[in-house]
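Asker: Mind having a look at this structure? Questions to follow.
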Amino acid sequence: MGTAVETGPRLDQSMLYAECVNPQWVRLLDLLEMNVRYERCLGAELFTADGRRILDFLSGYCVHNVGHNHPEVVRALQQELARCGPAMIQTHVANLAGELAERLCAKAGGRLRKAFFASSGSEGVEAAIKFARAHTRRAGILAAEHAFHGLTCGSLSLMSDEFWREGFGPLLPETAIIPFGSLDALEREIKSKKFAAFIVEPIQSEAGVRIPDQEYLRNAEALCRRHGTLFVLDEVQTGMYRTGPFLAGHYFGVEPDMVVLAKALSGGLVPVGAVLMSDDICDSVYSSLPRAFVHTSTFSENGLAMRAGLATLDVLEREQLGPCSIDAGSYLREQLANALREFEMVKEVRGLGLLMGIEFQAPKRTRLRIPYEAFGAIHRAMFGQIVVMRLFRDFGLLTQICGNNFMVLKVAPPLVITKGQMDDFVAGVRQVVELANSPGAFWSEAVGLARRAFRS
Ligand SMILES: Cc1ncc(COP(=O)(O)O)c(C=O)c1O
């Protein structure tokens, strides 16, 4: 007892975190002036201990579709705890898993009739890899360049960007990465009949909110069917009405063999993931009595996650957050495009529903190009991070750049975002972009940031 780390008001939580969890994370947040203490989070608003109000335009990377701490989801969880029901017994039929699976499969439609529950997106992707192998008796998995599928070893094997992979190999053998959007590349690989599945995000979120041609996914699905490869959609960010329909796959008119969901599924309050699949895939895994539990996970069907999932679906349906996402998304995209049109560093504002990206490009004018290139040489993310930092510090707007494309600012507020909040966002973004498009304060800020970053 005597050697335990002392806790209590005396020690700041962030210091304890640096001491006992991850000091570099604290250092990075300090550097970006984003290490604030959030006290209360409601809807799209985050209130800090020092009295600031931050508007959330990131949603924890598409977790908070129903808004932070939605009262209905909170109440459902309180009731679930209060009833002292079975939790983690493991040797029983979990109370609510069937009900949640039924509702998710009904919404997803097509051939999706069974669910496996997990506790994260990565764990869902891992399950999809195993289930695809079991069903097809093939080992290979195909994935798209610059995808983000999660950071466990199997999921990471499906990601091409070296930043995430470096130092963690060897990863899964027999994976192949093809350019997103290229049917030729898909056909070339898939013809070998070595691949159990093609796992792909319908819209690549971390690659820079990349939306494929309308026909790409439909043709990819047809190629998969022709060659006996399962067509699997990773809808961890795009699902749960983020882009308008329940699944982004619905927008593209495809019928996947499996869909991975996570993030927004439990209202942002309980870890959860789900793999929806066809009956025959499920039968291939749970193929006999002795194999009834051949793939499981301790926390996967836990009552809190299932209850939160059901309450979240209720909220998404009752508040019509799918249509809201389409309307708010069109409004926000139009306002942003109008406000940013005149700036040479803004290449495009794009997205579907409330999954959006603002893509920047290198300036042409020498007076901007010189500092831009100098800071890019220090770190490729420098420009985007200064935009993020200024939006946060000067305008109370929380965003981030995409994990695999530092020139794209991700815009993904909770689906309950209001017109006034979107107008505040547009005004803040315009001012920061205006600053970046003129020599001066924005770029001298970069000098300070670089100095602080490299001070040991
Ligand atoms: C598309 C996609 N798939 C999978 C994952 C992994 O999810 P998790 O972080 O819950 O493991 C993520 C995480 O950001 C994601 O964006």
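The values are calculated or read from the model by the stated rules, or taken from the named source; none is laboratory data. What you see is a predicted model, and the numbers here were worked out from it, not measured in a lab. With ideal geometry, Cβ positions are generated from the backbone for all residues, glycine too; neighbour counts draw on all protein chains shown.
Asker: I'm trying to understand the selection: among the residues of the stretch 396-420, which are in contact with a Leu (Cβ under 9 Å, 6 or more places away or on another chain) and without any contact (Cβ under 8 Å) to a residue 24 or more places away in the chain?
Answerer: Scanning the stretch 396-420 gives a single hit, Ile401.
Asker: Right, here's the next one. Kindly check whether there is at least one residue in the stretch 198-209 that is acidic (Asp, Glu), part of a loop (DSSP other than H, G, I, E, B) and within 12 Å of the ligand (Cβ to nearest atom).
Answerer: First pass over the stretch 198-209, keeping only residues acidic (Asp, Glu): 201, 206.
Subsequent filtering for residues that are part of a loop (DSSP other than H, G, I, E, B) retains 201, 206.
If we keep only those that are within 12 Å of the ligand (Cβ to nearest atom) too, we end up with 201, 206.
Yes: one or more hits.
Asker: For the stretch 331-381, which residues satisfy the criterion of being without any contact (Cβ under 8 Å) to a residue 24 or more places away in the chain, exposed (fewer than 14 other Cβ atoms within 10 Å of the Cβ) and under 24 Å from Val426 (Cβ atoms)?
Answerer: Glu334, Asn338, Arg341, Glu342, listed by residue number.
Asker: Kindly establish whether Ile177 is within 16 Å of the ligand (Cβ to nearest atom) and either at pLDDT 95 or above or of a type in the set (Asp, Glu) (or both). Show your work before the answer.
Answerer: On the way: within 16 Å of the ligand (Cβ to nearest atom): yes; either at pLDDT 95 or above or of a type in the set (Asp, Glu) (or both): yes.
Considered against the rule, which asks whether it is within 16 Å of the ligand (Cβ to nearest atom) and either at pLDDT 95 or above or of a type in the set (Asp, Glu) (or both), Ile177 comes out as yes.
Asker: Could you pull out the residue among Leu42, Leu100, Leu46, Leu32 that is touching a residue at least 24 places away in the same chain (Cβ under 8 Å) and closer than 30 Å to Phe293 by Cα?
Answerer: Numbers: Leu42 fails: closer than 30 Å to Phe293 by Cα; Leu46 fails: closer than 30 Å to Phe293 by Cα; Leu32 fails: closer than 30 Å to Phe293 by Cα.
Going through Leu42, Leu100, Leu46, Leu32 in turn, just one is touching a residue at least 24 places away in the same chain (Cβ under 8 Å) and closer than 30 Å to Phe293 by Cα: Leu100.
Asker: Same structure, new question: Looking only at the stretch 432-439, decide whether some residue is surrounded by fewer than 21 Cβ atoms within 10 Å (Cβ to Cβ), in a strand (DSSP E or B) and either more than 23 Å from the chain's Cα centre (by Cα) or in contact (Cβ under 8 Å) with a residue 12 or more places away in the chain (or both).
Answerer: No, the stretch 432-439 has no match at all.
Asker: Which residue out of Glu359, Glu373, Glu348 is under 30 Å from Gly448 (Cα atoms), charged (D, E, K, R) and within 19 Å of the chain's Cα centre (by Cα)?
Answerer: Numbers: Glu373 fails: within 19 Å of the chain's Cα centre (by Cα); Glu348 fails: within 19 Å of the chain's Cα centre (by Cα).
It is Glu359.
Asker: What residue, of Leu316, Leu332, Leu269, is over 30 Å from Asp213 (Cα atoms) and at pLDDT 95 or above?
Answerer: Details: Leu316 fails: over 30 Å from Asp213 (Cα atoms); Leu332 fails: over 30 Å from Asp213 (Cα atoms).
Within the list Leu316, Leu332, Leu269, the selection yields Leu269.
Asker: In the stretch 109-141, how many residues are in contact with a Cys (Cβ under 9 Å, 6 or more places away or on another chain) and either farther than 15 Å from Val294 by Cβ or at pLDDT below 95 (or both)?
Answerer: Residues meeting the conditions: 3.
Asker: Out of (1) more than 21 Å from the chain's Cα centre (by Cα); (2) within 13 Å of the ligand (Cβ to nearest atom), what's the single condition that is false for His135?
Answerer: Going through the list (1) more than 21 Å from the chain's Cα centre (by Cα); (2) within 13 Å of the ligand (Cβ to nearest atom), His135 breaks only (2).
Asker: Check Glu319 against each of (1) under 30 Å from Val270 (Cβ atoms); (2) surrounded by fewer than 16 Cβ atoms within 10 Å (Cβ to Cβ); (3) of a type outside the set (Val, Ile, Thr); (4) under 24 Å from the mean Cα position of the chain (by Cα) and name the one condition it does not meet.
Answerer: Only one criterion is unmet by Glu319, namely (2).
Asker: Can we say Val387 is surrounded by 17 or more Cβ atoms within 10 Å (Cβ to Cβ) and over 23 Å from Ser160 (Cβ atoms)? Full working, then the answer.
Answerer: Values: surrounded by 17 or more Cβ atoms within 10 Å (Cβ to Cβ): yes; over 23 Å from Ser160 (Cβ atoms): yes.
For Val387, the condition - surrounded by 17 or more Cβ atoms within 10 Å (Cβ to Cβ) and over 23 Å from Ser160 (Cβ atoms) - is met.
Asker: Hey, can you tell me all the residues within the stretch 12-30 that are under 17 Å from Asp394 (Cα atoms) and either part of a loop (DSSP other than H, G, I, E, B) or among the aliphatic types (A, V, I, L, M) (or both)? Before the answer, list the steps.
Answerer: Keep residues of the stretch 12-30 that are under 17 Å from Asp394 (Cα atoms), which gives 29-30.
Selection gives Leu29 alone.
Asker: Could you list all residues from the stretch 31-54 that are out of contact with any helix residue (DSSP H, G or I) (no Cβ under 8 Å at 6 or more places or on another chain) and either of a type in the set (Ser, Thr, Tyr) or part of a helix (DSSP H, G or I) (or both)?
Answerer: Tyr38, Thr48
Asker: Go through the stretch 61-78 and report how many residues are among the polar types (S, T, N, Q) and either touching a residue at least 24 places away in the same chain (Cβ under 8 Å) or within 16 Å of the ligand (Cβ to nearest atom) (or both). It would help to see each step written out before you state the result.
Answerer: Pass one, the stretch 61-78, residues among the polar types (S, T, N, Q): 65, 69, 78.
Keeping just the survivors that are either touching a residue at least 24 places away in the same chain (Cβ under 8 Å) or within 16 Å of the ligand (Cβ to nearest atom) (or both) gives 65, 69.
The number of residues fulfilling the criteria is 2.
Asker: Continuing with this model, one more query. State whether one or more residues within the stretch 215-223 are part of a strand (DSSP E or B) and surrounded by 21 or more Cβ atoms within 10 Å (Cβ to Cβ). Walk me through how you get there before you give the answer.
Answerer: Taking the stretch 215-223 as the starting set, the residues that turn out to be part of a strand (DSSP E or B) are none.
No, there is no match, as no residue in the stretch 215-223 is part of a strand (DSSP E or B) and surrounded by 21 or more Cβ atoms within 10 Å (Cβ to Cβ).
Asker: When the residues of the stretch 87-110 are filtered to those that are over 16 Å from Glu235 (Cα atoms) and of a type outside the set (A, V, I, L, M, F, W, C), which remaining residue is nearest to the ligand (Cβ to nearest atom)?
Answerer: Checking each candidate, the answer is Arg103.
Asker: Something else now. Which pairs turn up if I take residues in the stretch 139-150 that are polar (S, T, N, Q) and look for partners that are within 11 Å of the ligand (Cβ to nearest atom) with beta carbon separation below 8 Å, at least 6 apart in sequence or on another chain?
Answerer: Once the first residue is polar (S, T, N, Q) and sits in the stretch 139-150, no partner that is within 11 Å of the ligand (Cβ to nearest atom) comes close enough.
Asker: Just checking, does the stretch 144-162 include any residue being buried (at least 19 other Cβ atoms within 10 Å of the Cβ) and either assigned to a strand (DSSP E or B) or away from the ligand (no atom under 16 Å from the Cβ) (or both)?
Answerer: yes
Asker: Okay, next question. If we keep just the residues of the stretch 224-242 that are in a loop (DSSP other than H, G, I, E, B) and in contact (Cβ under 8 Å) with a residue 60 or more places away in the chain, which is farthest from the chain's Cα centre (by Cα)? Spell out how you get there, then give the answer.
Answerer: Initially, the stretch 224-242 is screened for residues in a loop (DSSP other than H, G, I, E, B), giving 227-229, 235-242.
Right, trim to in contact (Cβ under 8 Å) with a residue 60 or more places away in the chain and you get 228-229, 236-238, 240-242.
Details: Gly228: 29, Thr229: 25, Val236: 6, Gln237: 4, Thr238: 8, Met240: 12, Tyr241: 13, Arg242: 10 Å.
Per the criteria, the residue is Gly228.
Asker: What are the residues in the stretch 243-265 that are within 11 Å of the ligand (Cβ to nearest atom) and outside any helix (DSSP H, G or I), if any?
Answerer: Answer for the stretch 243-265, where residues must be within 11 Å of the ligand (Cβ to nearest atom) and outside any helix (DSSP H, G or I): Val260, Leu261, Ala262.
Asker: If you go through the stretch 296-323 one residue at a time, how many are farther than 11 Å from Leu96 by Cα and in a loop (DSSP other than H, G, I, E, B)? Show your work before the answer.
Answerer: Here is the first cut: in the stretch 296-323, the residues farther than 11 Å from Leu96 by Cα are 296-300, 311-323.
Now restrict to residues that are in a loop (DSSP other than H, G, I, E, B): 296-300, 319-320.
The total comes to 7.
Asker: Search the stretch 208-222 for residues that are within 18 Å of Val259 (Cβ to Cβ) and among the acidic types (Asp, Glu) and pair each with any residue that is at pLDDT 95 or above and surrounded by 19 or more Cβ atoms within 10 Å (Cβ to Cβ) when their beta-carbon atoms are under 8 Å apart and the residues are at least 6 apart or on different chains.
Answerer: As it stands, the answer is Glu221/Phe231; Glu221/Val254; Glu221/Pro256, since those pairs meet every condition given.
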